[in-house]
1. Within the range 21-54, track down each residue that is free of Cβ contacts under 8 Å to residues at least 24 places away in the same chain and acidic (D, E).
2. Can you pull out every residue in the range 15-33 that is exposed (fewer than 11 other Cβ atoms within 10 Å of the Cβ) and either within 13 Å of the chain's Cα centre (by Cα) or at positive phi (or both)?
3. Hey, can you tell me all the residues within the range 22-62 that are under 16 Å from S9 (Cβ atoms), part of a loop (DSSP other than H, G, I, E, B) and not hydroxyl-bearing (S, T, Y)?
4. Of everything in the range 57-74, what is basic (K, R) and surrounded by fewer than 11 Cβ atoms within 10 Å (Cβ to Cβ)? Give them in sequence order.
Amino acid sequence: MINIEVFISANQFFRLEVAENLTLEDLIKDYLQEYDIDKMKVGVFSQEKDKDYVLKDNDRVEFYKPLLQDPKQLRLKKLII
């Protein structure tokens, strides 16, 4: 068994003990059914990973939600106003 951390958002994170050789796809399918890998990007330690990535002990799995607005455009709007 290995220990991992899962971060859904800044306020929603938890630790899991999972089987060795578990992939990100298996993690989502077996432990996090409500999160669809096709709709959210997934990474480990701020590095985006493919769904066939094999998790290692003490990995930090992070879900990246799509941006609602382009941050560059928001800053530009603030400067103009």
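1. Across the range 21-54, the qualifying residues are D26, D30, E34, D36, D38, E48.
2. The answer is N21, and nothing else.
3. L32, E34, D36, K39, M40
4. Within the range 57-74, K65, K72 qualify.
No value in this document is a laboratory result; all are computed from the given coordinates. Given the structure is predicted, the values throughout are model-derived calculations rather than measurements. Here the Cβ is made from the backbone with ideal geometry for all residues, glycine too, and neighbour counts use every protein chain on show.
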